[in-house]
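Read through the structure below, which is laid out as structure tokens, and then see the notes.
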Amino acid sequence: MLIQFRKLTTSDQPLQFHQTVDVSHAVKGRKDIIAVTPLEVELKATPTVAGSVIVRGHLQGQLEVKCSRCLKPVTEQLNIPFHEVFQPVENPDMVQDEDEDIIYVKGESLDLVPYVEEALVLYLPLAPVCSEDCKGLCPICGKDLNETSCDCNTEVIDPRLAALKDFFK
Ligand SMILES: [Zn+2]
Ligand SMILES: [Zn+2]
């Protein structure tokens with residue numbers, strides 16, 4: 001998914017991307033994510049008179065995560081908006097009067113895949129739940145409290161106080 005800056009700025013047509021991107025390695029190592037389908041990427045790159053390129057569109061796919069309370073798999077439809085402005089420069093570290101809405105990039109061309117992956121990672125839920133009132137698992141016996149109940153004493157003990165209790169034994 002390459003943008004060639006010179007080619008784009010001399011063309012009078014925006015550049016369209018319509019492709020499928022495998023993003024599975026972007027979420028590798030996340031234990032809460034079971035699977036992510038390749039993303040359907042629909043993006044349009046438009047050059048501006050200032051020499052920058054506006055890229056906008058959306059990314060669609062399906063994400064399977066574990067409920068953070070009961071660990072059951074939950075499927076989420078992804079529809080992630082994408083909007084970035086890229087500005088090609090000689091040296092991205094030497095930009096004066098940086099505009100924080102612009103991503104300064106070096107070189108003749110730009111690969112959008114890393115930015116697509118980043119948009120996905122930023123969009124991922126921190127603590128997904130299967131339902132807002134999921135009761136989760138009992139921290140003592142591990143039973144799914146959505147399906148059953150248990151007689152465990154789940155009264156919360158402050159771990160610092162618990163340590164003191166042992167100390168005085
Ligand atoms: Zn749940
Ligand atoms: Zn229990």
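The values are calculated or read from the model by the stated rules, or taken from the named source; none is laboratory data. Quick caveat, the model's predicted, so the values are computed rather than measured. Glycine also receives a Cβ, built like all others from the backbone with ideal geometry; neighbour counts cover every protein chain displayed. What goes into the accessible areas is simple: the full protein's heavy atoms, side chains included, and nothing from ligands, DNA or RNA. Shrake-Rupley method; radii C 1.70, N 1.55, O 1.52, S 1.80 Å.
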Filter pass, Leu161 being open to solvent by 100 Å² or more (accessible area, probe 1.4 Å), outside any loop (DSSP other than H, G, I, E, B), modelled with pLDDT under 90 and of a type in the set (A, V, I, L, M) | yes
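For (1) of a type in the set (A, V, I, L, M); (2) more than 30 Å from Gln4 (Cα to Cα); (3) touching a Phe, Trp or Tyr at 6+ places or on another chain (Cβ under 8 Å); (4) within 14 Å of ligand 1 (Cβ to nearest atom), each residue gets a yes or a no:
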| residue | (1), (2), (3), (4) |
| --- | --- |
| Glu108 | no, no, yes, no |
| Pro128 | no, yes, no, yes |
| Leu137 | yes, yes, no, yes |
| Ser149 | no, yes, no, no |
Listed residues Lys169, Lys106; which is modelled with pLDDT under 90 and either loosely packed, with under 11 Cβ neighbours inside 10 Å or over 27 Å from Lys31 (Cβ atoms) (or both)?
-> Lys169
How many residues are in contact with a helix residue (DSSP H, G or I) (Cβ under 9 Å, 6 or more places away or on another chain) and among the β-branched types (Val, Ile, Thr) when one looks only at the range 92-122?
-> 4
Residue list for the range 32-54, filter: under 23 Å from the mean Cα position of the chain (by Cα) and in a loop (DSSP other than H, G, I, E, B) | Asp32, Thr37, Pro38
Does any residue of the range 67-76 turn out to be assigned to a strand (DSSP E or B), surrounded by 13 or more Cβ atoms within 10 Å (Cβ to Cβ), of a type in the set (A, V, I, L, M) and within 16 Å of ligand 1 (Cβ to nearest atom)?
-> yes
Are there any pairs with C-beta distances below 6 angstrom linking a residue in the range 18-36 that is over 21 Å from Cys130 (Cα atoms) to a residue that is surrounded by fewer than 11 Cβ atoms within 10 Å (Cβ to Cβ), with the two at least 6 apart or on different chains, and if so which?
-> none
Residue within the range 123-140 that is assigned to a strand (DSSP E or B), free of Cβ contacts under 8 Å to residues at least 40 places away in the same chain, among the aliphatic types (A, V, I, L, M) and out of contact with any helix residue (DSSP H, G or I) (no Cβ under 9 Å at 6 or more places or on another chain) present = no
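Of all residues in the range 14-31, count the ones that are small (Gly, Ala, Ser) and surrounded by 15 or more Cβ atoms within 10 Å (Cβ to Cβ).
So in the range 14-31, the residues small (Gly, Ala, Ser) come out as 24, 26, 29.
Those still in the list that are surrounded by 15 or more Cβ atoms within 10 Å (Cβ to Cβ) too: 26.
Of the residues in the range 14-31, 1 are small (Gly, Ala, Ser) and surrounded by 15 or more Cβ atoms within 10 Å (Cβ to Cβ).
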Mind counting the residues in the range 48-65 that are in contact with a Lys or Arg (Cβ under 9 Å, 6 or more places away or on another chain) and either open to solvent by 80 Å² or more (accessible area, probe 1.4 Å) or within 16 Å of ligand 2 (Cβ to nearest atom) (or both)?
-> 1
Would you mind finding the one in Val89, Val85 that is open to solvent by 20 Å² or more (accessible area, probe 1.4 Å), at pLDDT below 95 and β-branched (Val, Ile, Thr)?
-> Val89
